[in-house]
Structure formats: C-alpha cells, structure tokens
Amino acid sequence: MREPTIRREFAASLAAIPQVVAGSRLTGDYDYELRLACRDAAEFESIVDRLRADHGVVAIRSRMVLHDLEIDPGGLAGLE
C-alpha cells in the first residue's frame, strides 16, 4: 500500500512552502487542514495554485481568519 508513503511525502513537501505555518491530518471530507500566513489574497492564490500543481491537491475549501480570539486555556482544567 502506497498511501502512507504519499502522506509522508506530502507532509514533508509542505516544509518547502514558508507560508504554511501549521497543519493537521483530519478525518471526514478533507484529509488535511493547513494554516497559511499570507500577505494578501494574491499571495494566498499563488499558494493554492502551487498546492494544486506541485502537490496534487484536488479540492480546497478555504476560510480567512479575521483575528484570533484570546481564550483562557485554564478553563479546560474543569474537564478532568
């Protein structure tokens, strides 16, 4: 089975794209979630084009973060 090798190659290839700052492998409709840091929409579009052309990405669903929320992670202590 070649799929695990392809996953490793894909994950390793992301290191060559400096705009990819984080990523996760998922279950469900999409295999990966990537977090990109781009200067503008044009740079984002170029990264999407590169992912499709060079990395075999077929489907992309994107969202833009307007700003991050500051949430106290201490609230998780009550879940133990």
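Numerical summary
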read-out: Answer from Ala37, Ala22 - the residue that is of a type in the set (A, V, I, L, M, F, W, C), in contact with a Lys or Arg (Cβ under 7 Å, 6 or more places away or on another chain) and without any contact (Cβ under 8 Å) to a residue 60 or more places away in the chain; value: Ala22
read-out: Residue list for segment 3-20, filter: modelled with pLDDT under 90 and β-branched (Val, Ile, Thr); value: Thr5, Ile6
read-out: Qualifying residue in segment 25-45 (condition: of a type in the set (S, T, N, Q), at pLDDT 85 or above and open to solvent by less than 90 Å² (accessible area, probe 1.4 Å)); value: no
read-out: Members of segment 40-67 that are part of a loop (DSSP other than H, G, I, E, B) and free of Cβ contacts under 8 Å to residues at least 40 places away in the same chain; value: Asp40, Val57, Val58, Ala59, Ile60, Arg61, Ser62, Arg63, Met64, Val65, Leu66, His67
read-out: Search result, residues across segment 48-69 that are of a type outside the set (D, E, K, R) and more than 20 Å from Ile6 (Cα to Cα); value: Ser62, Met64, Val65, Leu66, His67, Leu69
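The values are calculated or read from the model by the stated rules, or taken from the named source; none is laboratory data. This structure is a prediction, so every number in the text was calculated from the model and none was measured. So basically every Cβ, Gly included, is an ideal-geometry build from the backbone, and we count neighbours across all protein chains shown. Ligands, DNA and RNA are stripped out before the accessible areas are found, and what is left, the full protein with its side chains, is counted by its heavy atoms. Shrake-Rupley method; radii C 1.70, N 1.55, O 1.52, S 1.80 Å.
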